Structure formats: C-alpha cells, structure tokens
Amino acid sequence: MRPRLNPVPAPELLQKPVVGVLLPLPLAGAYDYKLPAGCHAARGALVSAPLGNREVLGAVWGAAEGAVGDNRLKIAEPLEGAPSLPPKLCDFIDWVAEYTLNPPGAILAMALRSRGAFEPEARRIAYVRGTATPPRMSAGRARALEVAGDGLARSVTGLAEDANVSPAVVRGLIQAGALVPTELPEFLPYPAPDASFAAPSLNEDQAVAARALRDAAELRKFSAHLLDGVTGSGKTEVYFEAVAEALRQDKQVLILLPEIALTVQFLDRFAARFGVRPTEWHSDLSQKERRRAYRAVMRGEARVVVGARSSLFLPFPELGLVIVDEEHEQAFKQQDGAIYHARDMAVVRARIEDCPVILASATPSLESFVNATSGRYTHLRLSMRHGVAEMPQVKLIDLRHERDAPGVEHKAQWLSPPLRDALDKVLAAGEQAMLFLNRRGYAPLTLCEACGHKFTCPHCSAWLVEHKYKRRLACHQCGFELPMPSTCPQCSQTGTLIPCGPGVERVAEEFAAFFPAARYSIASSDILHGPAETQAAIRAFAKREIDVLIGTQIVAKGHHFPQLTLVGVVDADLGGSDGDLRARERTFQLLHQVSGRAGRAEKPGLVLLQTRNPQDAVMQALARGDRDGFYEQERGFREAAQSPPFGRLAALVISGYDGEAVRGIARVLGKAAPAARDVKVWGPTPAFYALLRGQTRERLLVQAARGVDVQAYLKAWLKLVKVPASVRVTVDVDPVSFF
Ligand SMILES: [Zn+2]
Ligand SMILES: [Zn+2]
C-alpha cells in the first residue's frame, strides 16, 4: 500500500457522507469513516483507510453505525482506478462470516489476498523501429532491423533472441535512434477460451448429462447438480459442455479442484477442449502471477478460472457457473485460520450469484448423495466407463489365512502370496501395477526392544516416522526431524531400535527383495520427498519407464495410466477404525478411487485388497462393486444416530501453549454450555492430537437436530465465558475430521 497523506478536512466536509468500512482484519465488524468531499461510494468500493498509524485497504460495506461523532471520524480515500468488489461477493463474505462464526473482516481478507492487485499497473518498456538509419550497418544490425520491421514491440532481449544477435547490437541501434522506446501494459491479456474449439465425442450417458448441464447454464438461474460417474466415465468432458455454454452466455466460470497436484494434468485437458489454458489460482503462483490473475478476474478478462478452495473468494463480476470436481475430497475443508468447507460454500456462492453449481465425483460425499437422491440436487449418473474399458474386478485377500507358511525361507511381511502371484503375472505380461499404502515413510513407529521406549515428537502427541532413505525420524504433524539415532536415548543401548509397521518405503524394500528385476518408484506426498520428486515418479510411470508405482494417496486420484492392470492395496483396514463418523465413508472413497486406477483402457483391471476384516461392510461393498448399497447402509447409520446430514455438528477447539489454562477454559466452557432443546454437548476431552506444534488442545462437540440454529446457540454460549488472550477458542461448524 502506498502511503497517502490525509487531507486536512475542511469544515464543509463534516456534512459529507459517512459510511461503514470493512477492513481485512479479524475485528468485530465495519468501522465508520468519512468519504472525501463530493464523493459517493457504493457497497464494495475499495478505499484506503487510516487505522492507527497505518493505511489499510478496506471496502465500503454499508451505512455508518453512527456511534462516533462525525467530527472525530477519519477519512477513507477511494482507490483511484480500481474496480469495486462485486456486491454479490460482499453478500457472500457476509454469509460465510455468519455461518462459520468468523469476523467478516477475516473473510474479506481472503477476498483481498493479492498484494498489489489494486495498484496502478506498471508499464513495460519495449522497442519498435524508429525513423533514423544507423550511421554504420552490420549484418547483425541489418537482421535486427529487419525483424523489428514487422512493427511488433519487443524488449531488448526479446529482439536480440528473435534476430539471433547479442543484446549489445540492439542497444547500439537504440542509441542510434533506429529503435525507439514504447510502453506496453504490464501484463499480457489472457487469451479467451473458445467454446467450439474441439467438440468432444460423448457416449449416450455422457450426452444426456451434458445436455442437462448445458440447459442449466443457459437458464442462468441457481440449480445444483451432482455429476455422479464411475471412475473413468468421462465426467470432465461432460461438465466441459456446461463450461462451453456459460462461455457462450458471456459468463465467467470457476472450477474448483482439491489439490494443486491435479491441476497440471487438468490444464492440458482444458486446452485440448478450449484451445487455451484457463487462468490458474492457487498458492503455488508467484506474487506477480497472482496479481495478474486477480486483476483479470476482477476486470472480467479471465473467463475460466481453475483453482484451489481460495479461488471461491475471487471478485468475479459475471460468474455464471461453479464446478467442484472431486467434491468428496476432504482437502476442500480449510482447517486453519477461518475454517470453512469450500464445497458447501461453493453451493452458497452459486445461490447468491443465481447460477448453476455442479458437484462431480465417482464417490460423492454422503451429504451430496443424500441431496441428490432426495431430489434437492439433480442426480446425473454416468454408469459406463468411457470407450471400451470395463470396471475392474475387486478381490479380497484374507490376511488371516493367506500368509507364507512358517517354514518358508523367504517370508514376506506385507506382500501376501496371492498378491505376489498377481504381480508376477502382470510383470511377465509387460503390464503395470500399483501398490497402495496410505502411510508415508518407512515405519510409523520406532521402538526400543530393550526398554520399550517409543520415539515421539517433542511438540505433538504423535510418533516420529522413520524415513529410511533420508536416515531421519520425522513428525508428520509439525515437521520436526532428527537424524536416525543408533542408541536408545532412554536405556543407552545400541542396536535395540526396531521399526514397527509398514510405510511405503518399507513395502518398496520388500517388493525389491521379491522382484529384483522390476523397475519401481515411490510416490509419496512427503515432507522429505518434494512434490517435484513425486511428479517425476508419476510421469515416469505414465511413460512406462517403470513397471510398479508404490504410493500413498497421491496416486489414488485423477491419474490415467492405460497400461495399469493391477492395483494392490497393502493394508485396506488402515483408517477404518479411528472412531470418527466419516471413517467408513472415507475408507470406502479412498479405496474405490485407488481401485478405479486399474484397467482404464482395453486391458481388464484387477484390484486386490489385503484385509484382516473381509466381512466388514466396506470390504464387502468394494468386493461386490455395490457402491449404492454401501451409501444406503451408511445413510441408515447416520439417520439413526442423527449425524450429518440428518443432524448438525459443531466443534470448539481450545488451544494454547499454557496447558493448565487451556484445560481450565475448556472445563469452564463445558460447564457454561446452555441447556437447549435438541442440543447435546460432549466433552471437554483432549483432542486427537492433544499436543500439536507445542500447543495443548481440548475439544467440545455440539450435536444438534437439523432444525437447530447452531450459530445462534454457539454465539450465546461463547458470550458467557471470558477467554484470556493466551487461550484460543476455534469454532468449526460442520467439522469433517476430529484431529
Ligand atoms: Zn510434531
Ligand atoms: Zn531403550
């Protein structure tokens, strides 16, 4: 923000309009400011407002409260040349704040998160052919002038490259006046996607769904659609038809993806359909790229934006369609700062913008499934795989029986004989296999066999995970690391530390022992393996440079490997018993997604799930391919327990570095919970991570019937307890996990 001088208010200014200005800070609400003389500003107009001894970018939010006398008000200066925030975005910010119980300024901060986007645009200097002829001509100079003869403006290096001369040659021509400077805008405009660039060929299922979505986009009214298609059914091609229609209607489109890692592949698919890549928005962009994207969205130049959850708060002036792909993904839930669920808020934004929203998934969240089957959303199903591909066959391996016999010399710990047989066949046939284990590193726990000492993080209630290749123990919660010790810190003995349980690295080690000739890589979204390493492994697998990919959930979704015919799930029971109401749903979704990687082209796929609970409902549903049966059963459980979406939940997490103070406030809050009809309060209890990054954490859980105004209940409750500055109380409405 450039500093501005506050003009001294002239007496007549005191009669001028006073407005409420919302600042992007976690304050209670809008503050009253005066506008300069003769100035009027509507809701959403951006202003520079003095706060203490600094200037803050804020937005005019509404009428003034009037509690402070006009003569004591400071002046908010409208930002010259900057467009306003669209009024519907302001409404959306208010709605999200009210629903999540965050101060509206904290939500506004998410909408203004592009430093410098409101500054006047910088200009670039470039050069064009001038009228002067240089006194001395050389072959290089002649070439440069010939290239410049096309009239395009180029930078010194740009022209040097195009003419294949050194920059010194170009600078000589500038000095001689043969090239003259001109100004270019700071950013190139985004090329517009072409709705009819490459029409797709759709199968019958796809065509029916695409028609429904096109009609919705054409209608330009709020409507919600669940695009529910089996893995490999071509959901993207279908919703691209709605995107095309929105573009024809001159509307902007927002496509939300759960992870940046998935955007790379997506951008190319988009370009194949629409001729150009869409505008990207996520945390990996540089400040400059963010600034370019933000401005283009605000000015309506960016027609289609693909982004992570934060793109929900971009200032689209003409939003006409919102799409949430992989809508069941937990990554849509923002867990720090202002807590919100981007999928749910996407539906809200579409309602406020009065435009359609499409939720797409092969394994919808139970919430969306219930909304679709009860008729609140239209339910568009794609039950066939695209092209000739068939759904893979899923078989269970009962680990209680399928073990190597005790006498076998080379005994496997993680890869059972039937899984190894299947791997043998696939490798002999020259096809590809994937081994999946949702656990990073080598071993989740290191234990001293002499004294029983377990290595835990000093800052978190979590075990340190061994990473063998990097020879380190690491905390996956806070990133704490230490070199792999050789001696036990408790009993000082050497050679007594043993790894317990498998991580992907350990499975890879065993795989390599059994299949020494096979080419394999590990793909793990890891703090110790960077995203580049993971992407390289996935690319190598796609190009068939390796035979087997051994990975965590990073390999589970979005990828298309035509030669992959076998998926082995090393431990299908993982994550099924953590006592959280969504554990079954999540296990099913993850394993179903992983299974969906197999057999996506001509060759049929086989999925082997290693389990100790073959009778479990999740395993049975996966083996039978009975997805809807699983959802119906899960719906029954939730309905009986009055759990979401049949009841409402909200969590309070009390945290801080002073453990006593945290537990004290948690107890006081627990006792203060008002009695209300159809509301139950559970706790306080230590959170799943009772210690996280050095902070003690306690939880309270509110369970309420669906008709209860949970926000009003929480507000009334929180007013009753004074919380000291050393303790933080975080509200999580509709929690999706219980960490
Ligand atoms: Zn830690
Ligand atoms: Zn020991």
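Residue-level check: of (1) away from ligand 2 (no atom under 16 Å from the Cβ); (2) open to solvent by 50 Å² or more (accessible area, probe 1.4 Å); (3) outside any loop (DSSP other than H, G, I, E, B), P516 misses just (3).
Determine whether L435 is within 16 Å of ligand 2 (Cβ to nearest atom) and either in a strand (DSSP E or B) or touching a His at 6+ places or on another chain (Cβ under 7 Å) (or both).
Details: within 16 Å of ligand 2 (Cβ to nearest atom): no; either in a strand (DSSP E or B) or touching a His at 6+ places or on another chain (Cβ under 7 Å) (or both): yes.
Against the criterion (within 16 Å of ligand 2 (Cβ to nearest atom) and either in a strand (DSSP E or B) or touching a His at 6+ places or on another chain (Cβ under 7 Å) (or both)), L435 does not qualify.
Can you name every residue in the stretch 267-289 that is open to solvent by less than 30 Å² (accessible area, probe 1.4 Å) and among the charged types (D, E, K, R)? Matches in the stretch 267-289: R273 only. If you go through the stretch 222-266 and pick out every residue that is surrounded by fewer than 23 Cβ atoms within 10 Å (Cβ to Cβ) and basic (K, R), you end up with 2.
Against the definition (touching a Phe, Trp or Tyr at 6+ places or on another chain (Cβ under 9 Å) and either among the β-branched types (V, I, T) or farther than 30 Å from A474 by Cα (or both)), how does R420 come out, yes or no? Walk me through it before giving the result.
Working: touching a Phe, Trp or Tyr at 6+ places or on another chain (Cβ under 9 Å): yes; either among the β-branched types (V, I, T) or farther than 30 Å from A474 by Cα (or both): yes.
Considered against the rule, which asks whether it is touching a Phe, Trp or Tyr at 6+ places or on another chain (Cβ under 9 Å) and either among the β-branched types (V, I, T) or farther than 30 Å from A474 by Cα (or both), R420 comes out as yes.
Of all the numbered requirements in (1) under 30 Å from Q335 (Cα atoms); (2) in contact (Cβ under 8 Å) with a residue 40 or more places away in the chain; (3) away from ligand 1 (no atom under 16 Å from the Cβ), E533 misses one, and that requirement is (2).
Please go through the stretch 438-449 and pick out each residue that is surrounded by 17 or more Cβ atoms within 10 Å (Cβ to Cβ), assigned to a loop (DSSP other than H, G, I, E, B) and away from ligand 1 (no atom under 16 Å from the Cβ). Break it down stepwise before answering.
We begin by selecting, within the stretch 438-449, every residue surrounded by 17 or more Cβ atoms within 10 Å (Cβ to Cβ); these are 438-444, 446-448.
Narrowing further to those that are assigned to a loop (DSSP other than H, G, I, E, B): 438-442, 444.
If the condition is that a residue be surrounded by 17 or more Cβ atoms within 10 Å (Cβ to Cβ), assigned to a loop (DSSP other than H, G, I, E, B) and away from ligand 1 (no atom under 16 Å from the Cβ), then N438, R439, Y442 are the ones that fit.
The one condition from (1) free of Cβ contacts under 8 Å to residues at least 24 places away in the same chain; (2) of a type in the set (D, E); (3) within 16 Å of ligand 2 (Cβ to nearest atom) that E449 does not meet is (1).
Please pick out the residue among K74, K88 that is surrounded by 15 or more Cβ atoms within 10 Å (Cβ to Cβ), modelled with pLDDT of 95 or more and among the charged types (D, E, K, R).
Working: K74 fails: modelled with pLDDT of 95 or more.
So the residue among K74, K88 that is surrounded by 15 or more Cβ atoms within 10 Å (Cβ to Cβ), modelled with pLDDT of 95 or more and among the charged types (D, E, K, R) is K88.
Residues in the stretch 697-714: is at least one within 16 Å of ligand 1 (Cβ to nearest atom), under 30 Å from the mean Cα position of the chain (by Cα) and part of a strand (DSSP E or B)?
To start, the set of residues in the stretch 697-714 that are within 16 Å of ligand 1 (Cβ to nearest atom) comprises 697.
Still in the running and under 30 Å from the mean Cα position of the chain (by Cα): 697.
Still in the list and also part of a strand (DSSP E or B): 697.
The answer is yes; a qualifying residue exists.
Answer yes or no: is there a residue in the stretch 660-668 that is of a type in the set (D, E, K, R), more than 30 Å from T363 (Cβ to Cβ) and crowded, with 16+ Cβ neighbours inside 10 Å. Within the stretch 660-668, one or more residues are of a type in the set (D, E, K, R), more than 30 Å from T363 (Cβ to Cβ) and crowded, with 16+ Cβ neighbours inside 10 Å.
Among residues that are open to solvent by 50 Å² or more (accessible area, probe 1.4 Å), closer than 30 Å to L574 by Cα and β-branched (V, I, T), T378 is not included.
Against the definition (outside any helix (DSSP H, G or I), open to solvent by 10 Å² or more (accessible area, probe 1.4 Å) and under 16 Å from Q330 (Cβ atoms)), how does L590 come out, yes or no? No: the conditions fail for L590. Residues that are modelled with pLDDT under 95 and either acidic (D, E) or in a strand (DSSP E or B) (or both) within the stretch 326-343 comprise E326, E329, K333, Q334, D336, listed in sequence order. Residue-level check: of (1) out of contact with any strand residue (DSSP E or B) (no Cβ under 8 Å at 6 or more places or on another chain); (2) crowded, with 20+ Cβ neighbours inside 10 Å, G320 misses just (1).
Could you list, in sequence order, the residues of the stretch 372-394 that are under 23 Å from L256 (Cβ atoms), out of contact with any His (no Cβ under 9 Å at 6 or more places or on another chain) and not in a loop (DSSP other than H, G, I, E, B)? Correct list: R381, L382.
Among the candidates A640, A704, A687, single out the residue that is modelled with pLDDT of 95 or more and either open to solvent by less than 20 Å² (accessible area, probe 1.4 Å) or closer than 30 Å to N371 by Cβ (or both). It would help to see each step written out before you state the result.
Values: A640 fails: modelled with pLDDT of 95 or more; A687 fails: modelled with pLDDT of 95 or more.
A704 is the lone residue from the list that is modelled with pLDDT of 95 or more and either open to solvent by less than 20 Å² (accessible area, probe 1.4 Å) or closer than 30 Å to N371 by Cβ (or both).
Of all residue pairs spaced 6 or more apart or on separate chains, those with beta-carbon atoms under 8 Å, a first member in the stretch 284-298 that is farther than 16 Å from P315 by Cα and a second member that is of a type in the set (A, V, I, L, M) and open to solvent by 30 Å² or more (accessible area, probe 1.4 Å) are D284/I260.
Restricting attention to the stretch 707-729, which residues are polar (S, T, N, Q) and either over 16 Å from A673 (Cα atoms) or modelled with pLDDT under 95 (or both)? Give the derivation first.
Here is the first cut: in the stretch 707-729, the residues polar (S, T, N, Q) are 711, 726.
If the condition is that a residue be polar (S, T, N, Q) and either over 16 Å from A673 (Cα atoms) or modelled with pLDDT under 95 (or both), then S726 is the only one that fits.
Out of all the residues in the stretch 671-709, which are among the small types (G, A, S) and farther than 30 Å from T456 by Cα? Listed by number, the residues that qualify are A672, A673, A675, A676, A704, A705, G707.
To keep it simple, each residue is scored yes or no on (1) farther than 19 Å from R124 by Cα; (2) open to solvent by 50 Å² or more (accessible area, probe 1.4 Å); (3) in contact (Cβ under 8 Å) with a residue 40 or more places away in the chain.
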site	(1), (2), (3)
L159	no, no, no
S166	yes, yes, no
G172	yes, no, no
E186	no, no, yes
R220	yes, yes, yes
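Looking at this structure, is P181 outside any loop (DSSP other than H, G, I, E, B) and under 29 Å from R291 (Cα atoms)? Against the criterion (outside any loop (DSSP other than H, G, I, E, B) and under 29 Å from R291 (Cα atoms)), P181 qualifies.
The values are calculated or read from the model by the stated rules, or taken from the named source; none is laboratory data. Note that the structure is predicted; figures quoted are calculated from it, not measured. Because the Cβ atoms are built from the backbone with ideal geometry, glycine has one as well, and the counts that use them run over all protein chains shown. These accessible areas exclude ligands, DNA and RNA; they are computed on the full protein's heavy atoms, side chains included. Shrake-Rupley method; radii C 1.70, N 1.55, O 1.52, S 1.80 Å.
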